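Here's the structure we're looking at; comments come further down.
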Amino acid sequence: MFRTHTNGELTLKNLNEKVTLSGWVQTIRDKGFMVWIDLRDRYGITQLVFDADRTSAEILENAKKLGREFVIQAEGTVIERASKNPKIPTGEIEILVEKLTILNSAELPPFTIEDETDGGEELRMKYRYLDIRRNPVKDKLIFRHKMAQKVRNYLSDKGFIEVETPVLIKSTPEGARDFVVPSRMNQGQFYALPQSPQTFKQLLMVGGMDRYFQIVKCFRDEDLRADRQPEFTQIDCEMAFVEQEDVLEIFEGMTAHLLKDITGKEFGKFPRMTFDEAMKTYGNDKPDIRFGMKFVEVNELVKGKDFKIFDEAELVVGINVEGCADYTRKQIDELIDWVKRPQIGASGMVWIKFQNDGVVTSSVNKFYSEEDLKKIAEKFGAKEGDLMLLMSGNANKVRTQLSALRMELGNRLGLRKGDEFAPLWVIDFPLLEWDEETGRYHAMHHPFTSPKPEDVHLLETEPGKARANAYDMVLNGNEIGGGSVRIFNKELQSKMFDLLGFSKEEAEAQFGFLMNAFKFGAPPHAGLAFGFDRLVAILDGNEVIRDYIAFPKNNSGRDVMIDAPSPIHNEQLNELALKVNLKS
Ligand code: ASP
């Protein structure tokens, strides 16, 4: 037996017991006549003590030869510690070692394997297996496991069946580029890795599975914006004979169940907001509603006062930053510079202060009397001590810019607390999105999303105005899940492909299998998928998804530990009938 106990469980209750422990040497303190070792495993740390007086000189000598991260086995007796460590569960005892076995030696690790480490990100990723020995990383993986268990149990209890779908498939358009895999047996042909199991889960509904879920890897070859991973995990779900309401209810229940587990609180019904409302009030389809600063549109109050910038703007909109009227000139200028950065791209910003002495003043006093400003302040619901920040321009652009400012202020003012959770549904998304670059419509969600029945007629006249039965679950300013009621009628599906610019032949070649299935009695169905990595990160009060993935890729899509991607041998290329033609 390698161990009788783990390193996290012995306490004074075990006093005088003979035990065997195994693990890694975290630290060694050598006082000459005595040596102490912190022995680590997944469960914790137990202190070992080697003492020539109480055991043997030979053991003490052997202990001195150990190095950090050696894998050892120690047999001994549980004794009470002289100087106790109240910070760890095993802090009141230590093991007086009577037998020591070195199971494996270790080279000096490239960084210290403790909660606080001296290793930079890149180095820790290269030696991720060492990083995983550290509590901050290990605990996140355990948290992820617990959440996955909860999800599985919840959905199983509700009658969902976990079905695996293939990884070598044909392209599923979800807005990203596919990763492709060349086929050796079918030369010149390629599989695509699923961007999601979308079409398969729909086929499972045609197959009568009724309630499906899968915790599944998805692959999207996108330029990696901050904190995206080319392969990520979804909780993918689909239900038959349901309407939007049924889906919202089940998955609101699932999320509330997870949230209750973490916070102990009941979450009840999640608020709902239409896409239009979200854009108008927060400039964003994934609003963080943990804090206010809702958008206030003031066109009618600011136009016609000879202030050209506002007169010419499509939209003048602002936020009220409570309690910040005492911002200095310098602080405000810094915010103005912040919104003018190319990433945000605003041309400027106007401020109005409702001072503590009741005076309302602004950066545009030349154009607006105090009475004008007071009216604006009133519309904002501002009170003494508040600072209003206004931006103007093209409606869509200015909303996006103001939204970025709102989130930045939310961060700076500490309003985005990791241990507070504010979930909501955003519903009624537009069905289509016009893409200037390609000059055609794209599916806002994906091509299988059903228009709202009352908007179907718009597909003939003004497709851009049609709304979809599509919904996103948003948590703390992040989209954690999204889905839709599906088209289950082959004529409507074919119309959709048409609108998206697929020719009959292309649609047939790419989605013939789905259209075919729809000929054989497809039930009404709907579903959604959660981004599991992000969900877990947010539930754990964090936003960095990489930390919750055992072996993540870096921003260039590389796994620096296994050094992938990498070239393959000529033989492999030949077998696949492929030739690499690098652009220099
Ligand atoms: N397949 C969709 C996605 O990955 C989710 C869904 O519509 O169920 O976003």
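Values quoted throughout were computed directly from the atomic coordinates according to the rules given, and no laboratory measurement underlies them. Keep in mind it's a predicted model, so treat the numbers as computed, not measured. Here the Cβ is made from the backbone with ideal geometry for all residues, glycine too, and neighbour counts use every protein chain on show.
Calculated [222 nm] ellipticity per residue, helices only, for the chain: -8500 deg cm²/dmol; basis is -39500 (n - 2.57) per DSSP H run with n ≥ 4, divided by all residues, nearest 500.
Could you pull out the pairs from 170/201; 294/452; 201/490; 340/465 whose alpha carbons sit more than 22 Å apart here?
In this structure, 294/452; 340/465 exceed 22 Å between Cα atoms.
Take the chain and mark each of the chymotrypsin sites (Phe, Trp or Tyr not before Pro) that is in a DSSP loop with at most 12 other Cβ atoms within 10 Å; the longest unmarked stretch, sites excluded, is 242-584. Of the complete DSSP H runs in the chain, those spanning 30 angstrom or more by Cα along the long axis with a mean Kyte-Doolittle score not below -1.0 are 135-157. Inter-label distance, residue 343 to residue 543: 1.0 nm, where each label sits 7 Å from its Cα along the C-beta direction. The percentage of C-alpha pairs in the stretch 369-436 whose separation is greater than 13 Å is 80%.
Close amide H pairs (under 5 Å, H built 1.01 Å from N) link residue 98 with 75, 76, 77, residues at least 5 positions away or on another chain.
Taking 28 Å as the straight-line reach from the Cα of residue 13, the lysines in range (excluding those fewer than 8 positions away in the same chain) are 84, 87, 99, 138.
Database remark: amide H of residue 289 closer than 5 angstrom to the amide H of 476, 477 (H placed geometrically; neighbours at sequence offset of 5 or more, or on other chains; Pro and chain starts carry no H). The overall shape of the stretch 260-393 is prolate: from the C-alpha gyration tensor, with semi-axes ordered a ≥ b ≥ c, the ratio a/c is 1.5 or greater and a/b exceeds b/c.
For the stretch 385-485, GluC sites (Glu not before Pro) are listed when DSSP marks them as loop and at most 15 other Cβ atoms sit within 10 Å of their Cβ; the list is 420, 436, 437. Other residues lying with their Cβ under 10 Å from the Cβ of residue 543 contribute a combined charge of -1, Lys and Arg counting +1, Asp and Glu -1.
In this rough spin-label picture, where each label sits 7 Å from Cα along the Cβ direction, the residue 504-residue 564 distance is 4.3 nm.
By how many nm would the segment from residue 440 to residue 142 lengthen if fully extended, with 0.36 nm per residue of separation less the alpha-carbon distance?
102.8 nm
Neighbours of residue 117 by Cβ distance under 12 Å: Lys/Arg scored +1, Asp/Glu scored -1, total -3. Normalised radius of gyration (Cα atoms, divided by 2.2 N^0.38 Å) for the chain: 1.22.
With an a/c value of 1.5 or above and a/b larger than b/c for the gyration tensor axes a ≥ b ≥ c computed over the alpha-carbon atoms, the stretch 259-324 is described as prolate.
Net charge in the neighbourhood of residue 518 (other residues with Cβ under 11 Å of its Cβ; Lys, Arg +1, Asp, Glu -1) is +2.
Remark: the stretch 549-563, residue by residue, has Karplus-estimated 3J(HN,Hα) of 10, 4, 10, x, 9, 7, 5, 9, x, 9, 9, 6, 7, 8, 6 Hz, where x stands for each Gly or Pro and the curve is 6.51 cos²θ - 1.76 cosθ + 1.60 at θ = phi - 60°. The separation of the stretch 1-66 from the stretch 321-372, counted between C-alpha centres, amounts to 63 Å. Give the residue list of trypsin sites (Lys or Arg not before Pro) in the stretch 259-323 that are DSSP loop and have at most 10 other beta-carbon atoms within 10 angstrom. Hits after loop and neighbour filter: 265, 269.
Sorted largest first, the principal axis extents computed over the alpha-carbon atoms of the stretch 439-527 equal 43, 30, 24 Å. Debye sum, Cα scatterers, the stretch 371-523, no solvent: what log₁₀ I/I(0) at q = 0.13, 0.19 1/Å? Taken in order of the listed q values, log10 I(q)/I(0) reads -0.81, -1.21. For residue 243 and residue 17, a Förster radius of 56 Å and the Cβ-Cβ distance give a FRET efficiency of 0.35, rounded to the nearest 0.05. Of the trypsin sites (Lys or Arg not before Pro) found in the stretch 133-164, the ones in coil according to DSSP and having at most 15 other Cβ atoms within 10 Å of their Cβ are 158.
Among the listed pairs 18/64; 397/495; 140/280; 280/374, a Cα-Cα separation exceeding 28 Å is found for 397/495; 140/280. Counting only residues at least eight positions apart within a chain, or on another chain, the aspartates and glutamates with an alpha carbon under 13 Å from that of residue 150 are 261.
Roughly how many whole Å is it from the C-alpha centroid of the stretch 88-102 to that of the stretch 495-548? So the two Cα centres are separated by 54 Å.
Between the amide H of residue 450 and those of 469, 485, 486, 487, distances stay under 5 Å, these residues lying 5 or more places away or on another chain, with hydrogens modeled in the peptide plane.
Ranking of 105, 22 by neighbouring Cβ atoms within 10 Å, starting from the fewest: 105, 22.
Could you put 248, 573, 389 in order, starting from the residue whose Cβ has the fewest other Cβ atoms within 10 Å? Could you put the intermediate results ahead of the total?
Numbers: 248 21, 573 14, 389 25.
In increasing order of surrounding Cβ atoms, one gets 573, 248, 389.
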